[in-house]
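Taken together, the values in this text are just the output of simple stated rules run on the coordinates, not laboratory data. The structure presented is a predicted model; accordingly, all values stated were derived computationally and were not measured. Here the Cβ is made from the backbone with ideal geometry for all residues, glycine too, and neighbour counts use every protein chain on show.
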Amino acid sequence: MPIEHTNDRVILKHPKGPTVELLLYGAHILSWKSRSPSNPDELSERLFVSAKATLDGSAPVRGGIPVVFPSFAAPPHAHPEHSKLGIHGFARSEVWTFDKVLRDDEETVAIRLTLSPTPKIREVYSRDFKLASVITLEATQLTNELQVTNPAVDPLEFHALFHSYIRSPSKDVLITPLKGKKYFDKTDKTFQGLKTESRDGVDVKRWTDSVYEDTAGESGVYEVKWPGGGVSVRTRNLKDLVVWNPQEEFGPKVVDLEEGGWEKYVCVEPGYVRGYVKLDGGNSWVGSQTISLH
Ligand SMILES: O=P(O)(O)OC[C@H]1O[C@@H](O)[C@H](O)[C@@H](O)[C@@H]1O
């Protein structure tokens, strides 16, 4: 079977060998094993999950691809409707419903999960919404699509972001094209304005927590390269990009990150997090990322 669905997870199997494993908790992709076009013999893991990650649904997973909705910020910087939500919102810590298989053929395996307000969500968030997460596995690429529907009359304002932990030697990674882009540097508590990126390629050799704004329009493409490897990340309707790696300076304070784990990934996070998506009543919005192997 190309799709295995158990109580708590789903496994997608592509006929050419790649696999994706995800938890219903958070619609959280835990693993993506794939071959790259430049090295078709090697089927290997492309995401990082901490050896100390909690996988029983009692806390968000450290690693993989968490989905951020409806809030990226935490109080006091959050939208008034998000004042009871923690950092990164609730989508990553709710159990989603397996909806259906969308494609299952020689080229593509795709499924859809859904999330609507639960009693737990209603305790902290009063707005109505329908979410769908579409996960599409192809021979050398993985696509995440988040669909948001606003069934109410009033506009819905939200953040959305894919918090991808891309397995890579973090000290050797370079991310482009960000030169000239404005960013909020969350590591610099003394400076609250926006900085301008001066580097051709952005590295994460030091603790990095940068929220770049307007790095893409309706579509965008980023390159993440390291010696001997790399990925392209193509986006739709996700205008901003967060680059995060805590390195030795902050990594030990991230309790569920294994010792030295910060050396094994870079978080490249396409999102809409500077300002809000404003979705009129009765309408839907779709944001997506496609990670392609070099
Ligand atoms: O620990 P969390 O909630 O998964 O967040 C990890 C990091 O995620 C990044 O997106 C944020 O910019 C960082 O500030 C944050 O530390």
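Tell me which residues, restricted to the range 113-147, are assigned to a strand (DSSP E or B), of a type in the set (Val, Ile, Thr) and within 28 Å of Leu293 (Cβ to Cβ).
Matches in the range 113-147: Val134, Ile135, Thr136, Thr143.
Please find, among Val124, Val148, the residue that is aliphatic (A, V, I, L, M), touching a residue at least 40 places away in the same chain (Cβ under 8 Å) and surrounded by fewer than 20 Cβ atoms within 10 Å (Cβ to Cβ).
Criteria check complete, one pass: Val124.
For the range 5-21, indicate whether the set of residues that are crowded, with 18+ Cβ neighbours inside 10 Å, under 18 Å from the mean Cα position of the chain (by Cα), free of Cβ contacts under 8 Å to residues at least 24 places away in the same chain and closer than 14 Å to Gly64 by Cα is non-empty.
Looking through the range 5-21, at least one residue is crowded, with 18+ Cβ neighbours inside 10 Å, under 18 Å from the mean Cα position of the chain (by Cα), free of Cβ contacts under 8 Å to residues at least 24 places away in the same chain and closer than 14 Å to Gly64 by Cα.
Which fully enclosed strands (runs of 3 or more DSSP E) of the range 170-237 have 2 or more residues being within 15 Å of the ligand (Cβ to nearest atom) and out of contact with any His (no Cβ under 9 Å at 6 or more places or on another chain)?
Ranges flagged: 182-185, 208-212.
Being of a type in the set (A, V, I, L, M) and either in contact with a helix residue (DSSP H, G or I) (Cβ under 8 Å, 6 or more places away or on another chain) or in a strand (DSSP E or B) (or both) is the filter here, so list the residues in the range 70-110 that pass it.
Ala73, Leu85, Val95, Val101, Leu102, Val109, Ala110
When you look at Phe158, is it among the hydrophobic types (A, V, I, L, M, F, W, C), more than 20 Å from Ser232 (Cα to Cα), crowded, with 22+ Cβ neighbours inside 10 Å and in contact with a Pro (Cβ under 7 Å, 6 or more places away or on another chain), yes or no?
yes
Tell me the residue from Glu249, Glu259, Glu269 that is part of a loop (DSSP other than H, G, I, E, B) and either within 17 Å of the chain's Cα centre (by Cα) or not small (Gly, Ala, Ser) (or both), please.
Glu259
From the list Val268, Val243, Val273, Val254, which residue is within 11 Å of the ligand (Cβ to nearest atom), under 30 Å from Glu157 (Cα atoms) and surrounded by fewer than 17 Cβ atoms within 10 Å (Cβ to Cβ)?
Val254
List pairs: first in the range 79-100 and touching a residue at least 40 places away in the same chain (Cβ under 8 Å) and charged (D, E, K, R), second more than 12 Å from the ligand (Cβ to nearest atom) and assigned to a helix (DSSP H, G or I), Cβ under 7 Å, 6+ apart or cross-chain?
Lys84/Val124; Glu94/Ile121
Based on what the data block shows, is Pro2 touching a His at 6+ places or on another chain (Cβ under 8 Å) and over 24 Å from Gly271 (Cα atoms)?
In short, yes.
If a residue has to be away from the ligand (no atom under 14 Å from the Cβ), touching a residue at least 40 places away in the same chain (Cβ under 8 Å) and not charged (D, E, K, R) to count, how many in the range 38-64 make the cut?
Number satisfying all stated conditions: 4.
With the range 1-69 as the region, which strands (runs of 3 or more DSSP E) entirely inside it contain at least 3 residues that are of a type in the set (Ser, Thr, Tyr)?
Strands (runs of 3 or more DSSP E) meeting the threshold: 28-36.
Please specify each residue of the range 182-197 satisfying the condition of being under 24 Å from Glu248 (Cβ atoms) and surrounded by fewer than 13 Cβ atoms within 10 Å (Cβ to Cβ).
Asp188, Lys189, Thr190, Phe191
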